[in-house]
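Heads up: the structure comes next, in structure tokens.
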Amino acid sequence: MSRSQKGSVAVMQAFKSQRWKQADLCILQHPDGTVLKQLQPPPRGPRELEFYTMVYAADCADAVLLELRKHLPKYYGVWSPPSAPNDVYLKLEDVTHKFNKPCIMDVKIGRKSYDPFASAEKIQQQVSKYPLMEEIGFLVLGMRVYHLHSDSYETQNQHYGRGLTKETLKEGVSKFFHNGFCLRKDAVAASIQKVEKILQWFENQKQLNFYASSLLFVYEGSSQPATTKSNDRTLAGRFLSKGALSDADVLECNNNFHLFSSPANGTSVGKSLSKAYSRHRKLYAKKHQSQTSLKVETLEQDNGWKSMSQEHLNGNVLSQLEKVFYHLPAGRQEIAEAEVRMIDFAHVFPSNTVDEGYVYGLKHLIAVLRSILDS
């Protein structure tokens, strides 16, 4: 059996054991690591295929489209299983491939989730799903968040997002950036930078209007440096589903951050956890020989110091400090490893005006993320 035939067999086996459907959408992973997104029925499927073909054409010289590529998953053409040649799949980059414990959120962008050619019935159906869409400009369709303390994932589906009001929106979105210990402000900051670049592209183009399209947010949820990749990695593309998100395991970790000592002396301890503890212990022994507790900074509480018993630090100090120091002062932390990519292009149409609906949604989303960062 040839290598390509083996790959096809592996994909077909995935159909049997790892198939996720929402409406008529099926997404799975090819053995080469790419994501396979089933082409939707006409006109949506052909329209999305046409979009990817146009943007990724080998002879494309359009500066607007070439810039757009930076914000999309890479496109590798179409694929069909040998036993079902009429089943067509878009072959796309798995945006989560470099992450070990990827935290993933799908956010639909724009004031309208229906296109200009939608019927009155379709418009009413879409509006009824989330009446606040026009005012808020975006909708959380689902999220999957890694919790450091329990080594597990929390998932939310589209019903969670539809339940968010103007009053609860900030809290609802911030849930995606909370790892069970604290708010990952480094991930918030990294996400803002990515979304701002997408906004800049939209403000400078008048060729395309996007409806019912989403942003896929991904950031690293783990704190341990990645070494070897596990063989139990499952389909990352499933998180694009608009239904309930899977709890399947993914790989193990990678994140960088700064550590700092007490704001009282303003001394930077550096990036290394072991060096941080060693230096902190020496400072403590010199200044507080009669005391028996170490105090570690955590702004999640009140910008003060949280006591940690010496005996609880023994033997597990690195992991304990690592968890506590996840929450860092704004402006003094490294930017987290994160991605924000545009996905879902079944409703993209030519235009000669700025896509005001999408721009509105991006600006409001950025405002919400900034308010979370400033909390």
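The values are calculated or read from the model by the stated rules, or taken from the named source; none is laboratory data. Quick caveat, the model's predicted, so the values are computed rather than measured. Heads up, the Cβs are rebuilt from the backbone with ideal geometry, glycines too, and the neighbour counts pull from every protein chain shown. The accessibility values were calculated without ligands, DNA or RNA, using every heavy atom of the protein model including side chains. Shrake-Rupley method; radii C 1.70, N 1.55, O 1.52, S 1.80 Å.
Things worth noting here:
- Every listed requirement among (1) hydroxyl-bearing (Ser, Thr, Tyr); (2) open to solvent by less than 50 Å² (accessible area, probe 1.4 Å); (3) under 30 Å from Thr353 (Cα atoms) is met by Tyr76 save one, (2).
- Note on the range 193-226: among residues that are part of a helix (DSSP H, G or I) and open to solvent by 10 Å² or more (accessible area, probe 1.4 Å), the one that is farthest from Ser150 (Cα to Cα) is Glu203.
- Scan the range 110-151 for residues that are among the acidic types (Asp, Glu) and within 20 Å of the chain's Cα centre (by Cα) and the total you get is 1.
- Whenever a residue of the range 180-208 is at positive phi, its partners that are open to solvent by 70 Å² or more (accessible area, probe 1.4 Å), lying with C-beta atoms within less than 9 angstrom and at least six residues away or across chains, give the pairs Gly180/His149.
- Hits in the range 124-164 - residues which are of a type in the set (D, E, K, R) and within 30 Å of Phe181 (Cβ to Cβ): Arg144, Asp151, Glu154, Arg162
- Contact map, the range 335-348: first residue closer than 17 Å to His97 by Cβ, second residue open to solvent by 20 Å² or more (accessible area, probe 1.4 Å), Cβ cut-off under 6 Å, separation 6 or more or different chains; pairs are Val340/Lys194.
- Check on Arg69, touching a residue at least 12 places away in the same chain (Cβ under 8 Å), open to solvent by 30 Å² or more (accessible area, probe 1.4 Å) and over 19 Å from Val340 (Cα atoms): no
- Entirely in the range 299-375, the helices (runs of 4 or more DSSP H) that have 3 or more residues that are at pLDDT below 50: 310-313, 317-324
- Selection from the range 357-370 of residues that are in contact (Cβ under 8 Å) with a residue 40 or more places away in the chain, over 10 Å from Leu199 (Cα atoms) and open to solvent by 40 Å² or more (accessible area, probe 1.4 Å): His364, Arg370
- Test for Ser174: is it assigned to a helix (DSSP H, G or I), of a type in the set (S, T, N, Q) and farther than 20 Å from Ser371 by Cβ: no
- Of residues in the range 147-181 being out of contact with any helix residue (DSSP H, G or I) (no Cβ under 8 Å at 6 or more places or on another chain) and open to solvent by less than 10 Å² (accessible area, probe 1.4 Å), the one nearest to Thr96 (Cα to Cα): Phe176
- Any hit, the range 104-118, residues being more than 22 Å from Glu356 (Cα to Cα), touching a strand residue (DSSP E or B) at 6+ places or on another chain (Cβ under 7 Å) and open to solvent by 20 Å² or more (accessible area, probe 1.4 Å): no
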